[in-house]
Structures are given as structure tokens and as C-alpha cells.
Amino acid sequence: MNHFGYRDGEQHCEEVSLREIAREYGTPTYVYSEATLRRHFEVFDKALAAVDHLICFSVKANSNIAILRLLASMGAGADIVSGGELERATRAGIEPSKIVFSGVGKTAQEMRMALDAGILVFNVESRAELELLNAVAGDLGLKAPVSLRINPNVDAKTHPYISTGLQKNKFGIPWDAAKETYRRAAELSHIEVHGMDCHIGSQLTETEPFVDAANKLTELIEELLGEGIEIKAVDIGGGLGIPYQEPGEDQPPSPAIYGEAVVDALGVLLKHNLQLICEPGRVIAGNAGVLLTEVLYCKESEVKKFVITDAAFNDLMRPALYGAYHPIRPVLKTDRDSQVVDVVGPICETGDFFARDRELPEVRSGELLVIGAAGAYGFSMASNYNSRLRACEVLVKGAEHAAIRQRETIEQLLQNELIPAFLDP
């Protein structure tokens, strides 16, 4: 459920007209619904109520500090993958004791930052990383809390670019090396074993892969506990999908169904009083945001009709990168006949599109379109390709709205670039 929809023939976010947003902030603009973010977090939280749990929002999905502040106010932690995300999370008010640091390529500098901050745990992804973390923690006179990210070789049945749980993927410690790596972690003087981590992929649309992974983790945890290696928490990752397609298409399981399946599979949680850590991102933020864009031109060739917008794939990369579907609707309802069109941006790439061969009501230059399900991996993947300025972001709460990121300026675009003296005539 989300709080976007037509009211008197006009698309609204909560109680605010998207035309009003466009008039005040211009386009392209990301628009987020506070009520949707809040509801999605609460539903996910309730789904895990049967066990001690911590929800660490995946900052990569939407890293705006206002969004993070809202989630922090509801008790969320953060799943981070860089020093920059650590800084965002702490500035937003997320307690370091609720932050988990994931990612295959943590640098020594990032490790020091996280150790100084006092984060909950590092999700360690390789033997080499474990050894470096031990050395960095030793230099600081600290012990680094770790969970080893185990690659269970489970097929998440998702897009290959976002599948992370197979042997051929770069993520995690191979299943066959897991016990040996835990034994090594337990003997290192500046490492404290905290838990076990597993993340098999993103945009999962069924519970079976989660259950398969959970069953394998349970077996390994029991063996480690039997050896005297303490496990305090199990991190099952994120990855639960959202419904990008129109109603009637196949839908991902609800958070309630997901929660029940994971908790049932991880009986080890209750048996040994372990904490469950989850890292949802898309399922909380995805349908809580849209990209608002203006139609610049309508163009027709012998074989295609194009709707050219002022948003481009530097603003929303997913369709070009993954062939991802996003719903697109006119902001104002119309009774004009439908047409089959490509909705494209102005960038000099054929891959700059939001939809191909999409049936839409006829739209005209100057009218507004809303691209849905854009709250996750939308702005956070944006770039300045073609020296385009990054979009504005707006948060709506009831009848109130405010910019949570101002539109980038030309001065900001160029501020870090320098012309060396040796180029002067």
C-alpha cells in the first residue's frame, strides 16, 4: 500500500497535488510519502514481532538523511556499505550500536571510522578482510565485532545483477570454508565473533530462497555453538521484493508472510535466544517515492512514437541497467485514446529510456508524468552524466511538503574541478 493516487482526476501524494509540487520545485523531482515510509517500516517490524529483532534499513536504497532521520525515529538501524553511508546514518541520528557494515571491499580507513564510531558489527566477507580488520582493530587497541557473511549457494531467482548468494557471485565466504573461517576468527586477538550473516539477493519474489538459506544457516550455527564459538545474532539480509508491475501481475510475498517463513525456518533463534537482524531497503522505500517529470516533446517516426521527458536515466537508472519496469501515469487523468509509446529522456544514449512499447493515454508537451516505485535505488543511483544537474527531493507529510534536497546548481556541479597551472598559456 502507498499514499499516491488520483483525487478528483489529479495525482496526489498524501494530501498534496503533484502539480503543486511541480510548480514549487520544478522537475524532475523525487517525491516521497512520509505516511508510506512509516507504514512500511511498521508492517515489517510487526512481521518480526515473534523474535528479538533489529531492522537495519539498507542505506544504499535511499540515502537521504531526512529519510534516515524519519526511520531512526521509529527505531531503525542502518545497513551501510561505505564510510559515506556511515556518516549519513550517524548524522541522521541512527545510533552506531544499530549499524551493521556490509560490503566486499571495506578499506582500512573505513574500518577505523566504524571502530571509532562503535558500530554494532562488521559483516565480514572474506578471510583477507578478517585479517585486515584484526590488524586495524589492534592498532586502535580495540576488538572488532564481526559476523561472517556466508554464501550458502542458494539461487535467489532474481536478476543476475542483484543475485548475491551463488558460488559464482563475489559476495560472502564460501560455504565449504565457513567453519574454518569462524575458527580463525575465534582465535584472533582483536576480533569478537558476534553472529552470522547471509544475503542472497535483491527483489526476491518468493520465500523459498530465504527458507533454504535459513535452513543451511541453522545447521552451521548449531555446529559452531557445539564447538564453543558464540553466536549472538543472525543477519538474514534484505532482498524482499516490491510490486513494480501493474495490479494483476505476480506479486511478491507480504512482509507478514516473509516474517513467518523466516522465523519458522530459523528455529535456532528462539532455541538459543539469538537476535534476528534484517536489512530491508526496497520494501520500505520503493513504493514510498515517485519521480515527477515534464513531457518536453512528443515525436513520431515511421515505426515508433516517443514521449521525451526532462528526466533521464541519470535520474533513474533502473530501466536502463536492469530492464526494470516502473509504472508510468499522467498526473492529470485524461479520456484521450491510448497509444503505444517509448518514454525516453534527453541523454545521448539509446539506453536512456523509462519504458518501451508502453500503452499510455496520449500526452502532450508541457504535461506531467509520474514514474512510480522510484523511492529505492532511484536518486541514490543518480549521476551527473551529460553534466546534468541532479534532481530535487521533496518529502510530503499530510498537507505539508518540504525539499529534503535542493536541486543541484551549476556551481555545485563544477565546484570540485580544477585547472592546473601547467595548462595556463
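Quick note: the coordinates plus some simple rules give every number you see, no bench work behind them. From a predicted model like this one, the values you see are computed outputs, not experimental measurements. Cβ placement follows ideal geometry from the backbone for every residue including glycine, while neighbour counts extend to all protein chains displayed.
If I take all pairs of Cα atoms in the chain, what percentage of them are more than 31 Å from each other?
Values: 38880 of 90100 pairs.
Tail of P(r) above 31 Å: 43 percent of Cα pairs.
Hey, fewest Cβ within 10 Å first, where do Leu217, Leu140, Leu240 land in order?
Working: Leu217 23, Leu140 13, Leu240 27.
Lowest count first: Leu140, Leu217, Leu240.
Which whole-Hz ³J(HN,Hα) couplings does segment 185-193 yield from phi under the Karplus relation 6.51 cos²θ - 1.76 cosθ + 1.60, θ = phi - 60°, glycine and proline marked x?
4, 5, 9, 6, 6, 10, 10, 10, 5
On the principal axes of its Cα set, how long, how wide and how thick is segment 95-138? Give whole Å, largest value first.
Principal extents (largest minus smallest coordinate, Cα): 28, 19, 13 Å.
Collect residues whose amide H, placed 1.01 Å from N in the peptide plane, falls under 5 Å from the amide H of His401; neighbours closer than 5 in sequence don't count.
Distant-sequence amide H within range of His401: zero hits.
Antiparallel as a % of all DSSP beta bridges within the chain, to the nearest 5?
The antiparallel fraction comes to roughly 50 percent.
Over the chain, with a Gaussian network built from C-alpha contacts below 10 Å, which listed residue (Leu332, Leu37, Leu316) shows the highest mean-square fluctuation?
Maximum fluctuation in the GNM of the chain, among the listed residues, is at Leu332.
Hey, any idea what Rg/Rh is for segment 76-149, computing Rh the Kirkwood way over Cα pairs?
Ratio value, two decimals: 0.93.
As a test of the formula, what do you get for the chain when each DSSP H run with n ≥ 4 contributes -39,500 (n - 2.57) and the sum is divided by the residue count, at 222 nm and rounded to the nearest 500 deg cm²/dmol?
Values: 13 runs with 122 residues, N = 425.
Here the helix-only value at 222 nm equals -8000 deg cm²/dmol.
Greater than 23 Å separation of Cα atoms is the criterion. Which listed pairs, Lys60/Lys232; Lys106/Lys216; Lys46/Lys271; Lys98/Lys216, meet it?
Beyond 23 Å between Cα atoms: Lys60/Lys232; Lys106/Lys216; Lys98/Lys216.
Please rank Cys392, Cys298, fewest neighbouring Cβ atoms within 10 Å first, as an exposure proxy.
Going from least to most buried by this count: Cys298, Cys392.
For a quick check: with amide H placed at 1.01 Å from N, whose amide H comes under 5 Å from Glu192's, ignoring anything fewer than 5 positions away on the same chain?
Those lying under 5 Å, H to H, from Glu192 are Ala144, Val146.
Would you mind checking which residues have amide H under 5 Å from Tyr377's amide H? H placed 1.01 Å from N; only 5 or more apart, or other chain.
Sorted by chain and number, the residues that satisfy this are Asn62.
Please turn the phi angles of segment 294-303 into ³J(HN,Hα) values with the Karplus equation 6.51 cos²θ - 1.76 cosθ + 1.60 (θ = phi - 60°), one per residue in order, whole Hz, x for glycine and proline.
Going residue by residue, I get 9, 6, 8, 8, 10, 9, 9, 9, 5, 10 Hz, with x marking Gly and Pro.
Return the sequence-ordered ³J(HN,Hα) values of segment 24-33 in whole Hz as given by the Karplus equation 6.51 cos²θ - 1.76 cosθ + 1.60 applied to θ = phi - 60°, using x for Gly and Pro.
Calculated HN-Hα couplings, in order: 7, 10, x, 9, x, 9, 7, 10, 10, 9 Hz.
Based on other C-beta atoms within 10 Å, arrange Met74, Met113, Met381 from fewest to most.
So the ranking, lowest neighbour count to highest, is Met74, Met381, Met113.
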